[in-house]
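The structure under discussion appears below in the form of structure tokens.
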Amino acid sequence: MCGIVGYIGNRQASPIIISGLRRLEYRGYDSAGVCVVDSEKLKINKKAGKVADLENGFDLMALKGTLGVGHTRWATHGVPNDVNAHPHTDMSGSIALIHNGIIENYLTIRKKLVNAGYTFRSETDSEVLAVFIGMLYDTIGDLETSVRTALSEVEGTFGIVVVSTYDPDLLIAARRGSPLILGVGTDEYIVASDAAAIIAHTRQVIYLQENEMAVVRRSGYVTKTIHNEETSGNIEEISFELDQIEKGGFPHFMLKEIYEQPITFRDGFRGRLRIDEGNVRLGGLSKVYEQLSTAKRIIITACGTSWHAALVGEYLIEQLARIPVEVEYASEFRYRNPIINPDDVVIAISQSGETADTLAAIREAKTRGATVLGMVNVVGSSIARETDAGVYIHAGPEIGVASTKAFTSQLCILTQFAVYLGRMRHLSADAGREIAQGLAEIPDHIQTILDQSESIRQIAQQYSGVSNFLYLGRGYNFPVALEGALKLKEISYIHAEGYPAAEMKHGPIALIDENMPVVFIAPKDEIYDKVRSNIEEVRARNGQVIAIASSRDSRISDAANHVIYIPETLPMLTPILASIPLQLLAYFVAVDRGCNVDMPRNLAKSVTVE
Ligand code: G6P
């Protein structure tokens, strides 16, 4: 969602900004724009569509100037068109601003400005902020003070970068609720909403904190609060490599990320699993050991795919540690006056660590006195910073909008977490050892499934023309059914529903006919026979059954039209393996339909607005 890049230095800004925007394309957006400061004026090109559309009929690289900003916009206020695209300028056209987030009181500010004679071109909240800063500059005559004064009146969230012809040696960046990172190079600085836009130039970065700003000149920078108190601005190192955010020979990031899973899964337990002890070491949780050993209840909050991982986590933790677990959509949690006791532990699961609803949910939980933990992928992200303790999932950068490797890595961490909690309580070393051993075998099992991708592609091609899909699973694999359906709808735009298999008879069974493919997740476990009966019910109504089954299940092919086999593992680990063929199925269906797999319409990788 919305990408920000700003540059100040001695090199030409526009090529650096454009390549940065391209690195941020994965986040999802619908318009883009660039502004470079020429000493006399702002040169702006902005358009609805993709970064490539900006270059049509316009030589972007010809924009001359060593200070500039660029933006990819995901529409919130106003449709995606050229006028609503960022950058926005003040009324004099001397100050340019790019903005991520939402200015909640923009109508009040806009009214004040209209009454004072100021006019607007766009429907955006962001232009209101640009014009407001311009109005303040007209009386204050100092850009930094004008920005700070404007921000002190703003309600809502922002990551902004401001440049101006008034001072072509000044770039101002500020954040509240939207991530911003300052890349510190040699005599040059790049500010961006995501480290992916910075890493080609420098690995040294400062993650701006809430209500912090950076005032940057070619000769140096200061970080301060938006109330003008200087801050320390610690420099940290970006933790991934450039090749991790490139396609590496794959046609899409999503496929690359699916194929990375034997490695990323292993990275999730490397140094953590203690097979001999039947235990797990999670260093990031040592400071909350006491709270975890006395926790009476666990609440897991998340959105999207991470929420599905949380549901698997609920089954795992309740089974292994016998602690009651509640899983909450972050967006619902914060608005329903949740009951939280001091001995509750609240866990936020998030790939990006920036999802606005999840961030708001943990703030709510903290206010109510709970211990708050994070299971996050992006190092240094807001959720990672604002939680009391946590575990990084170590999946590496995930670029494809549809989450794949982050999901299996989340399951890797949740399984270890459940063992860790269980071993603090009644779980025996033998039981812990069996699970640890099972986890250690998963990367090879994932590879076995990936090796079947050609046959999964063939199944996908047979069904790529349908309008609906049903995904059914039970127990640990009910959340996998939800996740399989989500993957398909996200990238192929086929309507898909996930359901607990036994609930089928209370509704979805009415939909079943010869045109309805039904994906059953049916590994050999204690409820296999029940799921098998559900398969027969679908077949009796001429539904098309695609079964995800255990490799030793010799009978399944009698009932299913297609079978995708997954290796034998413990029932609680089957969600990890079953999700792999569902990712591939969704991917191949979407490719066959000609969809933009990595950047599906309307979706964003990191949803930083409510
Ligand atoms: C967006 C993404 C999903 C993701 C969800 C939650 O909707 O498109 O892939 O699952 O946000 O994101 P998070 O970063 O918090 O896991």
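The values are calculated or read from the model by the stated rules, or taken from the named source; none is laboratory data. These figures come from a predicted structure and were not determined experimentally. Here Cβ is always computed from backbone atoms with ideal geometry, including for glycine, and neighbour counts include all displayed protein chains. The area values use the complete protein model at the heavy-atom level, side chains included, leaving out ligands, DNA and RNA. Shrake-Rupley method; radii C 1.70, N 1.55, O 1.52, S 1.80 Å.
On full extension of the chain, what length is gained from residue 112 through residue 603, given 0.36 nm per residue of separation minus the C-alpha to C-alpha distance? Before the final figure, lay out the partial values.
Values: separation 491, 0.36 × 491 = 176.76 nm, distance 3.42 nm.
That pair, residue 112 and residue 603, stretches by 173.3 nm at full extension.
Simple spin-label estimate for residue 455 and residue 431 gives 3.5 nm between the two label positions (7 Å along the Cα-to-Cβ direction from each Cα). Within the chain, antiparallel bridges make up roughly 60 percent of the DSSP beta bridges whose residues both belong there.
Residue 515 to residue 551: FRET efficiency via 1/(1 + (r/R0)^6), r the Cβ-Cβ distance, R0 30 Å, to the nearest 0.05? Mind dumping the intermediate values first?
Details: r = 30 Å, r/R0 = 0.99.
Step by step, r from the Cβ atoms, then E = 0.50.
Size estimate for the chain follows the Kirkwood approach: the inverse of mean 1/r over distinct Cα pairs works out to 25.3 Å. Within segment 248-443, DSSP assigns beta bridges of which about 10% are antiparallel (rounded to the nearest 5). In the context of the full set of protein chains, the chain has a per residue accessible area of 36 Å² (1.4 Å probe).
Pop out the carbon and sulfur fraction of the accessible area of segment 3-238 as a percent, whole number, probe 1.4 Å.
48 percent
Using a cutoff of 8 angstrom between alpha carbon atoms and counting only pairs six or more residues apart, the relative contact order for the chain works out to 12 percent. Per residue of the chain, the DSSP helices (runs of n ≥ 4 H) give a summed -39500 (n - 2.57) that works out to -11000 deg cm²/dmol at 222 nm.
Averaging the Cα positions of each part gives two centres, and for segment 455-491 and segment 204-263 these lie 34 Å apart.
Remark: the chain carries a charge dipole of roughly 220 debye about the Cα centre, counting +1 on each Lys and Arg Cβ and -1 on each Asp and Glu Cβ. Scanning residues 5 or more positions from residue 545 or on other chains, those with amide H under 5 Å from its amide H are 518, 561, 562, with H placed 1.01 Å from N in the peptide plane. Structure note, pairs 64/247; 296/366; 46/111; 50/256: Cα-Cα distances above 21 angstrom occur for 64/247; 46/111; 50/256.
Please work out whether segment 3-238 counts as rounded, prolate or oblate from its C-alpha gyration tensor, where a ≥ b ≥ c are the square roots of the eigenvalues and a/c under 1.5 means rounded, while otherwise a/b larger than b/c means prolate and anything else oblate? If you can, show how the numbers build up before the last one.
Values: a/c = 1.40, a/b = 1.10, b/c = 1.27.
It is rounded, given that a/c, with a ≥ b ≥ c, falls under 1.5.
Evaluated with a Cβ-only charge set (Lys, Arg +1; Asp, Glu -1), segment 1-114 carries a dipole of roughly 180 debye about its Cα centre, given to the nearest 20. Taking label positions 7 Å along the Cα-Cβ direction at both residue 542 and residue 55, the computed distance is 5.2 nm, reported to one decimal.
Once all protein chains are placed together, residue 58 keeps about 80 Å² accessible to a 1.4 angstrom probe.
What's the magnitude of the charge dipole for segment 135-182 around its Cα centre, counting Lys and Arg as +1 and Asp and Glu as -1 at the beta-carbon? Answer in Debye, nearest 20.
Working: 3 positive and 7 negative charges, 55 e Å.
Rounded to the nearest 20 debye, it is 260 debye.
Annotation: residue 524 carries an accessible surface of approximately 60 Å², with a 1.4 Å probe and no ligand, DNA or RNA atoms counted. Rolling a 1.4 Å probe across all protein chains gives residue 112 an accessible area of roughly 90 Å².
Residue by residue, segment 70-75 carries 3J(HN,Hα) couplings of x, 8, 10, 10, 10, 4 Hz when phi is fed to the Karplus relation 6.51 cos²θ - 1.76 cosθ + 1.60 (θ = phi - 60°); x denotes Gly or Pro.
Can you give me the % of accessible surface on segment 452-597 that is carbon or sulfur? Probe 1.4 Å, all protein chains present, nothing else counted.
Values: 2350 of 5180 Å².
Of all accessible area on segment 452-597, carbon and sulfur atoms account for 45 percent.
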